[in-house]
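Taking it in order: structure first as structure tokens, then the write-up.
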Amino acid sequence: MMAKVSVIIPAYNAMKYLPETLTSVTTQTFSDFEIIIVNDGSSDGIEDYISQTTDARVKIISQENKGLAAARNAGITNAQGEYIAFLDADDIWEPTKLEQQVSALEKHPEIGLVYTWVAYIDEKGASTGRVFKHHAEGDVWQQLVEHNIVECGSVPMVRRSCFDTVGIFDWNLSRYNVHEDWDMWLRIAARYPFKVVKETLVYYRQVSSSASKKWQAVEESALIVIEKAFKSAPPELLYLKQRSYSFANIHFAWKALQSRDKDYKKAIHFRSQALINYPWVCLSQEFLRLTLAITLMQWLGAESYQRLLMIFHALRRRLVAIE
């Protein structure tokens, strides 16, 4: 008997976090699912670990290391569910995540993708205090082309038929290992409405070695995604292209600041590019936050800035806990 939902978990040397991630799926309040773990060339004993599981819903597919897009595609190819949910091997779900998303798709047959709110956690699983609460629903393409409102690959549940319409993840983005999800959500948003569950149901782990911290890969892949999106966009939406580039450069600037080198000079360059593409970006909250961060790093230096940031994060965690 086929499962209602296929949960696809790409895994590359992820045994440090996979057991906790897997538990967050097997303890869901909705139980009609299969779990497809795609072992993407790992060397950390994942096959032995999965062979010991007694849960018949858990399956493993092993392949040579091909990257995140290829691993997700392998999962889609082997999935039997009507709905597909993706989960990175180091992230965690709240117990009602699947139940609420299935309910949304069942009640709204026109919807292609359901996303949720997201909280960031650190490598030890502690809250960073950052919670992303987007409200966009229906035709979200215009919002999505400025910012990936889905936030991370562990958030969405997608109707299986969407992939028959828009295709699978772009293999050309595999070498970057970043933004292949944004590209997919844009392709789905061009054809289908979105729905949001306004609850924090996903915990997105921030790992220091994460590919998303490497700003060069972030820059190259984002530019490819933007060009692809507007190549097929209707003429009346082409005016958004420069705005998309502007917000992308804000994103690049943050990644340069967060990189190992704490490259504020590169961040200044990206901020300038953001203004050139869309001068009104200077009024956005994200631009003002970026400008403050760059200024503080210039004044204080990287080490003092980092200490100040740690104090701020501690205060933010307390405020979120109070809420």
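Scanning region 272-282 for residues that are under 16 Å from residue 219 (Cα atoms) and surrounded by fewer than 21 Cβ atoms within 10 Å (Cβ to Cβ) returns 272, 273, 277. Of all residues in region 38-89, those satisfying the criterion of being within 15 Å of residue 180 (Cα to Cα) and of a type in the set (Lys, Arg) are 66, 72.
The rows are residues; the columns are (1) surrounded by fewer than 22 Cβ atoms within 10 Å (Cβ to Cβ); (2) polar (S, T, N, Q); (3) free of Cβ contacts under 8 Å to residues at least 60 places away in the same chain.
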{"position": "23", "(1), (2), (3)": "yes, yes, yes"}
{"position": "29", "(1), (2), (3)": "yes, yes, no"}
{"position": "33", "(1), (2), (3)": "yes, no, no"}
{"position": "41", "(1), (2), (3)": "yes, no, yes"}
{"position": "44", "(1), (2), (3)": "yes, no, yes"}
{"position": "47", "(1), (2), (3)": "yes, no, yes"}
{"position": "64", "(1), (2), (3)": "yes, no, yes"}
{"position": "76", "(1), (2), (3)": "yes, no, no"}
{"position": "85", "(1), (2), (3)": "no, no, no"}
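Cβ-Cβ contacts under 6 Å between residues 6 or more apart (or on different chains), taken from a first residue in region 99-127 that is part of a helix (DSSP H, G or I) to a second residue that is of a type in the set (Phe, Trp, Tyr) and surrounded by fewer than 18 Cβ atoms within 10 Å (Cβ to Cβ), are listed as 99/30; 102/30. Given the condition at pLDDT 95 or above, touching a Leu at 6+ places or on another chain (Cβ under 9 Å) and of a type in the set (S, T, N, Q), answer yes or no: does some residue in region 151-174 qualify? Scanning region 151-174, I find at least one residue that is at pLDDT 95 or above, touching a Leu at 6+ places or on another chain (Cβ under 9 Å) and of a type in the set (S, T, N, Q), so the answer is yes. Residue 304 meets the stated requirement of being more than 25 Å from the chain's Cα centre (by Cα) and either among the aliphatic types (A, V, I, L, M) or at pLDDT below 90 (or both). The residues of region 202-250 that are aromatic (Phe, Trp, Tyr), under 18 Å from the mean Cα position of the chain (by Cα) and at pLDDT 95 or above, listed by number, are 203, 204, 247. For region 51-66, the criterion of being under 21 Å from residue 114 (Cβ atoms) and part of a strand (DSSP E or B) is met by no residue. Looking across 285, 258, one residue alone is modelled with pLDDT under 95, of a type outside the set (D, E, K, R), farther than 22 Å from residue 238 by Cα and surrounded by fewer than 15 Cβ atoms within 10 Å (Cβ to Cβ). It is 285.
Say we look at region 219-255 and pick out the residues that are of a type in the set (Ser, Thr, Tyr), in contact with a helix residue (DSSP H, G or I) (Cβ under 9 Å, 6 or more places away or on another chain) and free of Cβ contacts under 8 Å to residues at least 40 places away in the same chain; which of these is surrounded by the fewest Cβ atoms within 10 Å (Cβ to Cβ)? Looking at residues that are of a type in the set (Ser, Thr, Tyr), in contact with a helix residue (DSSP H, G or I) (Cβ under 9 Å, 6 or more places away or on another chain) and free of Cβ contacts under 8 Å to residues at least 40 places away in the same chain, I get 245. Go through the residues of region 178-194 one by one and say whether even a single one is part of a strand (DSSP E or B), closer than 24 Å to residue 3 by Cβ, modelled with pLDDT of 95 or more and not small (Gly, Ala, Ser). For region 178-194, residues part of a strand (DSSP E or B), closer than 24 Å to residue 3 by Cβ, modelled with pLDDT of 95 or more and not small (Gly, Ala, Ser): present.
The values are calculated or read from the model by the stated rules, or taken from the named source; none is laboratory data. Note that this is a predicted model, so its numbers are computed, not measured. Cβ sites come from the backbone with ideal geometry, for glycine too, and all protein chains shown count toward neighbours.
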